[in-house]
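Q: Following this message is one structure expressed as structure tokens.
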Amino acid sequence: MMSIIVVAAIVVAVALGYKTKINIGLFAIAFAYLIGCFGMGLSPSDVINMWPLKIFFIIFSVCLFYSFATVNGTLEKLAEHLIYHCRRVPQLLPFAVFFTSTVIAGMGAGYYTVLAFMAPITLLLCQRTGMGLIVGGMAVNYGALSGANFMSSQSGIIFRGLMTNVGLSDSDAFINAFGIFVSTLIIPLLVISAFVFMTREGRAMKTAVFDTSEPAPLNREQKITLWLTLAMMAIVLAAPIAHILLPANGTITFINSKMDIGLIASIFSVIALLLKLGDERKAMASVPWATLIMICGVGMLISVAIKAGTIDVLASWIGGSIPPVLVPVVFGVVAAIMSLFSSTLGVVTPALFPMVLPIAQSMGIEPMVLFIAIVVGAQATSISPFSSGGSLILGSCASEQSRTSLFPQLLFKAAPIGFVAALVFNVLLTFVY
């Protein structure tokens with residue numbers, strides 16, 4: 001009975017957040033308190049301790065450092081330079097947009113930040129070239145998603161934190177996050193390639209020409225910010241990769257055990273402030289507080305669900321009702337449907353990741369396959385106009401007329417294409433593993 005109540009609370013929290021536009025995390029905290037304390041007999045301290053402090057600290061620290069690149073214009077200048085260098089090959093423009101978004105998101109800007117300043121640039125390029133709104137929107141959206149999934153970027157860090165919370169080691173979480181990143185890099189490239197080389201839009205783009213002025217070079221603050229960002233990424237990635245390659249080396253094992261991306265990012269934030277690379281208040285304001293509250297609030301409610309045995313009940317139901325070969329596909333479809341109306345980071349992955357290990361162990365499935373299937377499915381429909389990605393792209397339209405034209409294209413063309421591509425990928429992934 002309690003499991004049903006908790007599941008209903010999760011659904012109601014998402015529905016209320018979608019309907020009222022109030023942060024889902026706040027509703028989740030309220031339900032966690034009411035169900036945990038008055039329905040399950042937990043103390044208030046027990047409920048408060050369910051706040052995922054480690055994930056909160058890591059996301060806050062990393063986003064604070066990366067926000068300096070946003071505040072001082074490093075990321076925007078980098079985007080201008082990358083797109084400028086592709087002006088002579090208009091047919092490759094969707095790939096330029098995709099890789100520009102991927103690189104900038106991978107450098108820590110995060111999905112929403114990249115869309116906020118890349119979507120207007122992309123839609124403007126669509127008007128000035130033969131690039132269609134659909135392929136442009138998909139390129140910028142899936143590029144931002146893929147880059148953010150990089151192991152040391154915002155989404156990748158969240159995925160790793162959620163995996164360690166459900167019992168995986170840091171090394172296994174890193175490997176699984178790498179699998180997610182590679183998968184979400186391959187699928188959009190295949191879809192964009194099909195658009196560019198197999199449709200009339202692609203052939204029209206081949207003859208298009210567009211002019212863009214050469215952007216100004218990076219200034220001192222932007223150059224230092226870029227080098228600091230690359231240095232932090234190298235430090236964060238070097239230790240776990242070395243440990244995976246040389247697990248028996250005592251020195252590497254020791255160094256890897258002392259690595260924490262949140263603490264390292266805190267040091268780099270201090271360095272950025274000492275070098276005056278950006279205003280502290282603006283950098284602090286750029287931290288995605290709403291996303292943090294949503295992730296941690298839903299995390300509290302999921303912890304209540306785990307305490308109530310809900311996750312075990314759902315895992316055993318899936319294990320007993322669905323053939324093993326279909327489990328990844330089912331997870332992908334469920335994640336895609338959830339993502340139509342809710343956040344991948346704040347709702348979908350915190351809700352589904354805890355089920356992965358029990359199901360994987362009982363059915364003999366590789367956990368990485370399920371983690372990848374969930375993220376690939378969830379991000380497949382993120383371009384829906386009802387989801388965060390699609391709504392940001394619509395908000396970047398220069399006129400109401402273009403917005404009205406783009407809405408049905410995102411809903412009835414882009415989102416279904418992404419869903420089918422993800423479904424096919426998850427089917428192939430199931431048979432490969």
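The values are calculated or read from the model by the stated rules, or taken from the named source; none is laboratory data. Model, not experiment: these values are computed from the prediction. Cβ placement follows ideal geometry from the backbone for every residue including glycine, while neighbour counts extend to all protein chains displayed. Just the protein is used for accessible areas: all its heavy atoms, side chains included, with ligands, DNA and RNA removed. Shrake-Rupley method; radii C 1.70, N 1.55, O 1.52, S 1.80 Å.
Q: Within the range 239-260, how many residues are under 29 Å from Phe56 (Cβ atoms) and of a type in the set (Gly, Ala, Ser)?
A: Summing the residues that are under 29 Å from Phe56 (Cβ atoms) and of a type in the set (Gly, Ala, Ser) in the range 239-260 gives 3.
A quick yes/no check of all residues on (1) touching a strand residue (DSSP E or B) at 6+ places or on another chain (Cβ under 9 Å); (2) within 18 Å of Ile311 (Cα to Cα); (3) surrounded by fewer than 16 Cβ atoms within 10 Å (Cβ to Cβ); (4) at pLDDT below 90:
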{"site": "Ile5", "(1), (2), (3), (4)": "no, yes, no, yes"}
{"site": "Phe27", "(1), (2), (3), (4)": "no, no, no, no"}
{"site": "Tyr33", "(1), (2), (3), (4)": "no, no, no, no"}
{"site": "Phe38", "(1), (2), (3), (4)": "no, no, yes, no"}
{"site": "Asp46", "(1), (2), (3), (4)": "no, no, yes, no"}
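Q: Could you identify the single residue in Leu133, Leu115, Leu123, Leu145 that is in contact with a Phe, Trp or Tyr (Cβ under 7 Å, 6 or more places away or on another chain) and touching a residue at least 24 places away in the same chain (Cβ under 8 Å)?
A: Leu145
Q: Can you find, within the range 146-167, the residue that is most open to solvent (accessible area, probe 1.4 Å) among those that are assigned to a loop (DSSP other than H, G, I, E, B) and within 20 Å of Leu263 (Cβ to Cβ)?
A: The extreme case among them is Phe150.
Q: May I ask you to verify whether Ile295 is buried (at least 17 other Cβ atoms within 10 Å of the Cβ), touching a Pro at 6+ places or on another chain (Cβ under 7 Å) and on the phi < 0 side of the Ramachandran plot?
A: Considered against the rule, which asks whether it is buried (at least 17 other Cβ atoms within 10 Å of the Cβ), touching a Pro at 6+ places or on another chain (Cβ under 7 Å) and on the phi < 0 side of the Ramachandran plot, Ile295 comes out as yes.
Q: Just one of Phe68, Phe56, Phe99, Phe117 is in a helix (DSSP H, G or I), more than 30 Å from Ala422 (Cα to Cα) and either open to solvent by less than 10 Å² (accessible area, probe 1.4 Å) or not charged (D, E, K, R) (or both); which is it? Steps first, answer last, please.
A: Values: Phe56 fails: more than 30 Å from Ala422 (Cα to Cα); Phe99 fails: more than 30 Å from Ala422 (Cα to Cα); Phe117 fails: more than 30 Å from Ala422 (Cα to Cα).
Unique residue meeting the criteria: Phe68.
Q: What number of residues in the range 71-96 are open to solvent by less than 20 Å² (accessible area, probe 1.4 Å) and without any contact (Cβ under 8 Å) to a residue 24 or more places away in the chain?
A: 1
Q: Could you please give the count of residues in the range 241-283 that are touching a Leu at 6+ places or on another chain (Cβ under 8 Å) and without any contact (Cβ under 8 Å) to a residue 24 or more places away in the chain?
A: 2
Q: In addition: Out of (1) on the phi < 0 side of the Ramachandran plot; (2) in a loop (DSSP other than H, G, I, E, B), what's the single condition that is false for Ile104?
A: Every condition holds for Ile104 apart from (2).
Q: Of all residues in the range 1-14, how many are farther than 20 Å from Asp312 by Cβ and in contact (Cβ under 8 Å) with a residue 40 or more places away in the chain?
A: Count: 2.
Q: Among the candidates Val333, Val347, which residue alone is touching a residue at least 60 places away in the same chain (Cβ under 8 Å) and surrounded by fewer than 21 Cβ atoms within 10 Å (Cβ to Cβ)?
A: Among Val333, Val347, only Val333 is touching a residue at least 60 places away in the same chain (Cβ under 8 Å) and surrounded by fewer than 21 Cβ atoms within 10 Å (Cβ to Cβ).
Q: I've got another one for you. Tell me whether the range 395-405 contains one or more residues that are hydrophobic (A, V, I, L, M, F, W, C) and surrounded by 22 or more Cβ atoms within 10 Å (Cβ to Cβ).
A: So far as the range 395-405 goes, no, none of its residues is hydrophobic (A, V, I, L, M, F, W, C) and surrounded by 22 or more Cβ atoms within 10 Å (Cβ to Cβ).
Q: Hey, another quick one. Within the set of pairs 6 or more residues apart or between chains, which connect a residue that is more than 23 Å from Phe254 (Cβ to Cβ) inside the range 161-174 to a residue that is open to solvent by 30 Å² or more (accessible area, probe 1.4 Å) and assigned to a helix (DSSP H, G or I) with Cβ atoms less than 6 Å apart?
A: none
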